[in-house]
Amino acid sequence: MENKRQEFMDRVDGKQSELIALTQELIRIPTLNPPGEFYRDICEYLENRLSTLGFTTELVRALGTPGDSQKYPRWNIVARREGARAGECVHFNSHIDVVTIGQGWTKDPFGGELEDGKIYGRGACDMKGGLATSIIAVEAFLETWPDFNGAIEISGTADEETGGFGGVAYLSEQGYFSPARVQHVIIPEPLHKDRVCLGHRGVFWAEIETHGRIAHGSMPFQGDCAVRHMGAVMAEMEASLFPALAKKRTDMPVIPEGAKQSTMNINSIHGGQAEPEAGFTGLPSPVVPDHCKMIVDRRFLLEENIEDVEAELRAVLEKVKSERKDFRYDFTPIHSVIPSMTAKDAPVVTTVAEAIEAVMHKKAEYVVSPGTYDQKHIDRIGRMKNCIAYGPGILDLAHQPDEYIEVIDMLDAAKVMGLALAELLTGPSPQN
Ligand SMILES: [Zn+2]
């Protein structure tokens, strides 16, 4: 086994130029989301690549999911390679979409330039580098252990950056992540090559609207200013809610440190006259705002429950109402995700942690992501609990200009992934 493991790792090193080329080619397919472009193209590219490795491939369109249209169909690919005999299935899931380019690039965002051992481009680290890494890992694994047990699956899925409804959520509903079909899931998000990511915090988004009465701005006493009412809401949040959130600490190993507590972001506030278009040189008109809307983005912990999170926000509004004349509001929850955390002794966790130690000669670090990713759907809809994120790259680079992935990190992570496969899929078959 030790010889085999060394043989496998040497094979990965021998595939360095193949890994670079694959990553570059994936970056060069500009799968921007929104709107969700070139999904079909990248799925067909992956289909060709994985077919040559003996995978059976399925292209699945998430018909009717948010954003799916004739112009921007939500395509996904699921590829499966059966082993020589019965056993468990290990699934690598990567999202194929990338976020908008943004300002500040010095490299071509879709060029896949290689410089000083780094490959640059939108999606290089989040997460086409991770996808390429898993493919190269599987390729070297198949050459080393051709008669493995069970099965290997690789999927490329749509829309993770916009909630995953046309991707992993849809596939989960169709049974692709049911425990009967898949026993271990690894999501190669860029959490760093020596970390096992167990899950993520929860999310609760709501819209708060305050109501007023329109009037001429020279006689505000004849109206009722909705923006001032919202100011009172914010003052109460500062006085009671934010300090209370800062006191809620979690035992989840969330990174970075600042996210080891409950947090809330005020995502936006709009009240009164809309921002004028760029170039408009006129003056605003004098009007008392009759409504004001705020979107809040509350991130919560495993130790909290979503009903309490909602009740806490409602309590802020009720307190303001009890103290403030004519205060009227609406409160509308718009989105929520329950926290997900895989047990530290789950088989996929211990296997990947051991592989990290073997490759990196240091203990694996266990982390939880401050934001969510597709694990939520695999957990809630797929009912598959044995799932982690493990992949090369630095999370802080995701969504930034000049995003890159280091080739050495991809090689190391490919070795970890392949050794984990060897542990789970070779040796005596569990069925024998
Ligand atoms: Zn990602």
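Any read-out appearing in this document is the output of simple, stated calculations on the displayed coordinates, not a laboratory observation. Just so you know, these numbers come straight off a predicted model, no measurement behind them. Cβ coordinates were reconstructed from backbone atoms using ideal geometry, including for glycine residues, and neighbour counts include every protein chain displayed.
Points worth noting:
- Dipole in debye (nearest 20) - the chain, about Cα centre, beta carbon charges: Lys, Arg +1; Asp, Glu -1: 840
- Of Ala86, Ala389, Ala422, the one that fluctuates the most in a GNM where the chain has Cα springs shorter than 10 Å: Ala86
- In order along region 90-95, the phi-based Karplus estimate (6.51 cos²θ - 1.76 cosθ + 1.60, θ = phi - 60°) of 3J(HN,Hα) comes to 10, 10, 9, 10, 10, 7 Hz; Gly and Pro are listed as x.
- Under 10 Å, Cβ to Cβ, from Leu302 - net charge with Lys/Arg +1 and Asp/Glu -1: -2
- In region 148-233, Cα pairs under 8 Å separated by at least six residues give a relative contact order of 12 percent.
- Separation in nanometres of the label points that stand 7 Å from Cα toward Cβ, at Lys363 and Glu113: 4.1
- Span-rule helices in the chain, defined as complete DSSP H runs reaching 24 Å or more along the axis (Cα) with Kyte mean at least 1.0: 407-425
- FRET efficiency estimate (nearest 0.05) - Cβ-Cβ, Ala346 to Asn3, R0 22 angstrom: 0.15
- Per residue, the average separation of C-alpha pairs within less than 8 Å and at least 6 apart gives region 38-128 a relative contact order of 22 percent.
- Relative contact order [Cα under 8 Å, 6+ residues apart], region 222-345, whole percent: 29
- Residue with peak Gaussian network fluctuation, the chain [Cα springs, cutoff 10 Å], from Trp75, Trp205, Trp105: Trp105
- Residue-wise HN-Hα coupling along region 162-173, computed from phi with Karplus coefficients 6.51, -1.76, 1.60 (Hz; x: Gly, Pro): 10, x, x, 5, x, x, 5, 4, 5, 5, 5, 4
- Among the trypsin sites (Lys or Arg not before Pro) within region 293-329, those in coil by DSSP and having at most 16 neighbouring Cβ atoms inside 10 Å are Arg324, Lys325.
- Thr263 long-range amide H proximity, modeled H, under 5 Å: Arg299
- Rounded to 5, percent antiparallel among DSSP beta bridges of the chain: 70
- Under 5 Å from the amide H of His95 lie the amide H atoms of Thr157, each residue being 5 or more positions distant or on a separate chain, with H modelled from the backbone and absent for Pro and chain starts.
- For region 191-197, Karplus couplings with θ = phi - 60° (6.51, -1.76, 1.60), whole Hz, Gly/Pro x: 9, 5, 5, 10, 10, 9, 9
- Computed from the C-beta positions of Gln273 and Glu47, the FRET efficiency with R₀ = 41 Å rounds to 0.20.
- Largest GNM mean-square fluctuation across Ser17, Ser134, Ser340, computed for the chain with C-alpha springs under 10 Å, falls on Ser17.
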